[in-house]
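Below is one structure, written out as structure tokens; the observations come after it.
Coordinate-derived values only; no laboratory data. Since we're looking at a predicted model, the values are computed, not measured. Backbone-built Cβ (ideal geometry, glycine too); neighbour counts: all protein chains shown.
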């Protein structure tokens, strides 16, 4: 029981301070899990990161489930994962309520008018940072071009696009 | 209830195909929420991205909670978050159990090498499509470029960029108040 509470508490802490998303949280998880609690060896931690890279899902959720499961099966996996997303419920619902309440006020409307173009820049920035690690050789350039045609010239579902890129990659890279 | 289940199914799909960080699933969420179900407008969707980016936590889960609350209240938050989490949960449990078997498999690695460029293109397409929902004024283009440069080149935190853009929006509206109405 003490273990479950600690697991819940530790992952709640990680969830509450998980700013920036993705890999920005890794050093924090490593400190809590490997150094402070000794729940995972450094070797296991590297495996966890590799595993998160090749499976879908956010790395913090992957970590919570994986570490919980390693420590004590499904119950611990559930407790760790629920602990991780627990803070988000309070934070996001509070924000949603506040925004709903003040949505029609003039200053809020103006703030969002300013924010919208910034979000477009932000998403483009994310394209660049992912592109840097994803598009690394001639094969990946071809794959990106192939995907671009699918994305911009057809109405194909993004899921099908990801799957077909996976199949193409499997063919091209294992040749 | 059918709407709730549909909402759950939407985020289940999103959770299962979130590769390369939260923003990669934007085209997917956008298609489901804005185009297929008409649950919100493209402008509102951009606002949701801005708000959820400023909060700690996982973008997919935050978006699920935020949208769920706006559309269906508390139950919406639970169904949405559960949908977004479940695929990762199941996959990681299986991975923790059978990890060694496929860890160094070269075909698995090749498949993921192929998925990564597709992710970059998908994120870019979200920027292009959402960009069409924003008026193409000189001022807006300047903010978009400024935001891109701040994050990509200067490494400034996205939260700071969004807050600054909000302040610019408010200040600009104040300045223009005498001449025109903000609708």
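A compact table of results
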item: Stokes-Einstein diffusion coefficient of the stretch A:104-175, Kirkwood radius over Cα pairs, 10 °C, 1.306 mPa s, in µm²/s; result: 108
item: Cβ-Cβ FRET estimate between residue A:153 and residue A:3, R0 fixed at 41 Å, reported to 0.05; result: 0.15
item: Sequence of A:167, B:170 once ranked by neighbouring C-beta atoms within 10 Å, starting from the fewest; result: A:167, B:170
item: Estimated 222 nm signal from helices in chain B, with DSSP H stretches of n ≥ 4 weighted -39500 (n - 2.57), rounded to 500; result: -24500 deg cm²/dmol
item: Label point distance in nm, residue A:43-residue B:176, each placed 7 Å from Cα along Cα→Cβ; result: 6.2
item: All Cα pairs of the stretch A:33-129, percent lying beyond 16 Å; result: 71
item: Ranked list, fewest to most other Cβ atoms within 10 Å of each Cβ, for B:30, A:32; result: A:32, B:30
item: Residue with peak Gaussian network fluctuation, chain B [Cα springs, cutoff 10 Å], from B:46, B:29, B:107; result: B:107
item: Share of pairwise Cα separations in the stretch B:95-167, more than 16 Å, in percent; result: 68
item: FRET efficiency estimate (nearest 0.05) - Cβ-Cβ, residue B:142 to residue A:100, R0 41 angstrom; result: 0.85
item: Global form of the stretch B:20-77, assessed from the alpha-carbon gyration tensor, a/c cut-off 1.5; result: oblate
item: Cα principal axis extents for the protein assembly as shown, largest first, Å; result: 67, 51, 44
item: Footprinting exposure proxy for B:25, A:168 (fewest neighbouring C-beta atoms within 10 Å first); result: A:168, B:25
item: Chain A: relative contact order as a whole-number percent, Cα under 8 Å and 6+ apart; result: 19
item: Cα gyration tensor shape for chain A, rounded if a/c is under 1.5, else prolate or oblate; result: oblate
item: Per-selection metrics, the stretch A:87-133 (Cα): Rg and Dmax in Å; result: 14.8, 42
item: Helical contribution to [θ] at 222 nm, DSSP H n ≥ 4, -39,500 (n - 2.57), averaged over chain A, rounded to 500; result: -27500 deg cm²/dmol
